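The structure appears below as structure tokens.
The values are calculated or read from the model by the stated rules, or taken from the named source; none is laboratory data. Note that the coordinates shown come from a computational prediction; the quantities given were computed from them, not determined experimentally. In this analysis, Cβ positions are derived from the backbone assuming ideal geometry, glycine residues included, and neighbour counts consider all displayed protein chains.
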């Protein structure tokens, strides 16, 4: 693939910054990179995790001896296979009674989950379980919703015509949208509870915080190796969805897992909750493969790894691009290069986590647009997309085309069809 060239000075600067970013350990696979000094605990994250696992096992949890937690540079940790695993093997199984969830009679959903999480955070430390302590120690400032004012301004300048909307990064807007009017929007503990529920909740209603399971990082494509299975009132488990080799990381998909969310009212969720929304919701830049939607320009395309190597990428359009869409890519590539030059030459006075995330997301957008622009030269451009209805990506043929490009097929057999 031939890329449009950036000037040599900018390339050298970006390469240097990439090395710096790698050296300090920014990892795109998860959303918990640094712990604020004020939120630091006496125990290390590794020690806290061991406490959580021992506590969970004492309450009946099962952890497959074939897996282990490992530190990831710049991250908390991930879950890895120590030896080969077969499709359908149970990675973990957590009893329902030690999951953080809304109590009976309190309703379900995001607002109830925030309330349940607030109870955990407000407990006397002597009354907290090891998992309660672990949740209480999680940082908050990594998430764009809680960035500085200047960080927000730069993020929205970077995003341009991409989703999500500016208001999506507002805690008050988010809580209002879900009808959570009873919470104090100015309360930092409410902010932390919201962050924990947004970034760690599981289940169809996204209202369960599950010990250990929230260590599983996100990735689509071939590396999407496991997904949840649960029975309300009984257990919450993680199960492999294909054979896993020794050394592979156990990963779930945060936007394509049909067992994670209720797709009944939104069959195209995996098409409309994509790379930009993962940053908005979870606070991380998605690793490849990525899916990009620019609704105002009727563009929908995937950026895929070639043979699993993220150093070799190509773009695939889910719908034929229009001349107007291609012109947008051309113009926005130029805008993004100017943005990077200014961001580097006039480093803003914002926290490092915000600055580094801006650089990482900038690289991701720019590379995606460049790949799509080069691929557009091989496409037959058409204005057909402008004659479809506004939610064109919900159409069945578009879903099938995009899903075939980014989601691997699976002959998954549910191990819980038989008693565990």
Study note, to complete from the structure: Only one of 187, 165, 243, 207 is surrounded by fewer than 21 Cβ atoms within 10 Å (Cβ to Cβ) and at pLDDT below 85, namely 165
Exercise for review: Could you please let me know if residue 329 is buried (at least 16 other Cβ atoms within 10 Å of the Cβ), modelled with pLDDT of 95 or more and under 25 Å from the mean Cα position of the chain (by Cα)?
Suggested key: yes
Check your understanding: Are any of the residues in the stretch 376-394 assigned to a helix (DSSP H, G or I) and modelled with pLDDT of 95 or more?
Key -> yes
Check your understanding: In this structure, is residue 88 touching a helix residue (DSSP H, G or I) at 6+ places or on another chain (Cβ under 6 Å), in contact (Cβ under 8 Å) with a residue 40 or more places away in the chain and surrounded by fewer than 20 Cβ atoms within 10 Å (Cβ to Cβ)?
Key -> yes
Practice item. Any chance you could count how many residues in the stretch 49-76 are closer than 16 Å to residue 225 by Cβ and part of a loop (DSSP other than H, G, I, E, B)? Key: 3
**Study point:** Residue that is buried (at least 19 other Cβ atoms within 10 Å of the Cβ) and over 20 Å from residue 114 (Cβ atoms), where the choices are 157, 227, 231
**Key:** 227
Revision key, fill the gap. Scanning the stretch 286-313 for residues that are loosely packed, with under 15 Cβ neighbours inside 10 Å and in contact (Cβ under 8 Å) with a residue 12 or more places away in the chain gives 296, 308, 310
Check your understanding: How many residues does the stretch 342-355 hold that are out of contact with any helix residue (DSSP H, G or I) (no Cβ under 6 Å at 6 or more places or on another chain) and part of a helix (DSSP H, G or I)?
Key -> 6
Point to revise | Filter result (at pLDDT 95 or above and exposed (fewer than 13 other Cβ atoms within 10 Å of the Cβ)) within the stretch 61-82 | key: 65
